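Enquirer: I'd like to ask you about the structure that follows.
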Amino acid sequence: MFGIEKCHPFDAGKWGRVFRKLKEWQLISDDSIVQPNEATRSDLLIAHTKL
């Protein structure tokens, strides 16, 4: 799950269950979900002066 488990495992696990239930109820589908691209160094430098 995009490594988000490292941030807070409880929330990441809870979101996974919610996501599966929404798909089961056909409220969302794989086609309606956008998967983010990893930020590039250039992207990060917009908000951060040093890496």
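The values are calculated or read from the model by the stated rules, or taken from the named source; none is laboratory data. Keep in mind it's a predicted model, so treat the numbers as computed, not measured. Counting neighbours? That spans all protein chains shown, and the Cβs are built from the backbone with ideal geometry, glycine included.
Enquirer: Take segment 9-51 and flag every residue that is in a loop (DSSP other than H, G, I, E, B), among the aliphatic types (A, V, I, L, M) and modelled with pLDDT of 85 or more.
Expert: Result: 27, 28, 33, 34, 39.
Enquirer: Another question about this same structure. I need every pair where a residue in segment 28-47 that is within 23 Å of residue 16 (Cβ to Cβ) has its Cβ under 6 Å from the Cβ of a residue that is modelled with pLDDT of 90 or more, sequence separation at least 6 or different chains.
Expert: 28/22
Enquirer: Hey, another quick one. Suppose the filter is of a type in the set (Lys, Arg), modelled with pLDDT under 85 and either at negative phi or more than 12 Å from the chain's Cα centre (by Cα) (or both); does residue 6 pass it?
Expert: Yes: the conditions hold for residue 6.
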